[in-house]
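Remarks on the structure that follows.
The values are calculated or read from the model by the stated rules, or taken from the named source; none is laboratory data. Please read these numbers as outputs of a predicted model, since none were measured by experiment. Cβ atoms come from the backbone with ideal geometry, glycine included; neighbour counts cover every protein chain shown.
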Amino acid sequence: MGEGRLTGTADDSAVQAVAARALALIEDGAQVGLGSGRAATAFVRRLADRVRAGLHVAGVPTSDATERLARDLGIPLIGLDEGVELDLTVDGADEVAPNLDLVKGWGGALVRERIVAAASRRQVILVGSEKLVAALGQRGRIPLELIPLARGPVMPRLRALGLRPEVRTHSGGTQPVISDNGNLLIDCVPSSVLRDAHAARALDAALRAIPGVVDTGLFLGTAERVLVGYPDGRVEVLGGR
């Protein structure tokens with residue numbers, strides 16, 4: 001999920017720039033959702049540096065990989081107990097539409113990312129400029145998480161919605177990728193991009209209505225703001241209130 005160290009390319013400059021900008025949003029004593037993926041990992045590493053320097057925070061990770069990283073770096077973690085409300089979640093995305101609707105889940109952590117975001121006052125998204133799209137589906141796949149028992153009946157229903165579903169497998173093999181929750185990840189390629197917000201919401205509702213579908217990678221209306229990094233280190237802020 002991109003938890004490795006960054007390598008110094010131009011794209012890394014964009015990732016580091018948005019991670020640094022997001023760090024400025026963290027106040028002492030904050031409770032923070034820790035996202036998954038490359039940009040979120042860069043943020044977690046920078047946050048750990050601030051913790052070692054004396055910043056007091058508590059984090060809730062969105063994946064097992066992020067949890068391992070945060071623990072290794074010394075970031076205090078808490079559970080989502082009853083009554084816990086996070087100040088913000090900092091996470092990544094795979095597509096960002098002009099209205100800030102998102103596609104997430106290429107890294108496989110979409111269900112926990114949804115839960116943590118829903119427990120937060122704000123969701124801040126970190127992306128490189130290559131993730132900006134004119135319409136969702138432009139980069140090719142919309143993930144969903146599926147209970148394994150439901151695979152047989154669900155796949156034809158996905159095709160009936162105009163999608164080309166594929167069970168995500170490990171690189172170079174046939175073994176399915178299993179989510180942190182023990183479920184399958186299905187990558188659904190739409191026959192065309194989702195032309196507008198209404199189309200995205202209609203597809204999301206249709207997918208959620210299928211028994212066995214746990215969640216989709218369509219994160220619609222969840223982002224308060226999106227920080228967009230560019231190779232020259234510039235950061236553009238979309239949204240915000």
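Scan the stretch 18-43 for residues that are surrounded by fewer than 23 Cβ atoms within 10 Å (Cβ to Cβ), touching a residue at least 12 places away in the same chain (Cβ under 8 Å) and not acidic (Asp, Glu) and jot them down.
ALA20, ARG21, LEU23, LEU25, ILE26, GLY29, ALA30, GLN31, ARG38, listed by residue number.
It is to be established whether one or more residues within the stretch 155-169 are surrounded by 20 or more Cβ atoms within 10 Å (Cβ to Cβ), among the acidic types (Asp, Glu) and in a strand (DSSP E or B).
no
Among the residues of the stretch 81-106, count how many are touching a helix residue (DSSP H, G or I) at 6+ places or on another chain (Cβ under 8 Å) and of a type in the set (D, E, K, R).
5
Filter the stretch 117-144 down to the residues that are in a loop (DSSP other than H, G, I, E, B), small (Gly, Ala, Ser) and under 29 Å from GLU85 (Cα atoms) and list them by number.
Step one: list which residues in the stretch 117-144 are in a loop (DSSP other than H, G, I, E, B), which gives 119, 121-122, 133-141.
If we keep only those that are small (Gly, Ala, Ser) as well, we get 119, 134-135, 137, 140.
Matches in the stretch 117-144: ALA119 only.
With respect to LEU227, determine if the residue is in contact with a strand residue (DSSP E or B) (Cβ under 6 Å, 6 or more places away or on another chain), assigned by TED's automatic domain parsing to the domain that holds ARG21, under 17 Å from ASP101 (Cα atoms) and buried (at least 20 other Cβ atoms within 10 Å of the Cβ).
Answer is yes for this residue.
Would you confirm whether any residue within the stretch 106-117 is on the phi > 0 side of the Ramachandran plot, in contact (Cβ under 8 Å) with a residue 12 or more places away in the chain and surrounded by 22 or more Cβ atoms within 10 Å (Cβ to Cβ)?
The answer is yes, given that some residue of the stretch 106-117 is on the phi > 0 side of the Ramachandran plot, in contact (Cβ under 8 Å) with a residue 12 or more places away in the chain and surrounded by 22 or more Cβ atoms within 10 Å (Cβ to Cβ).
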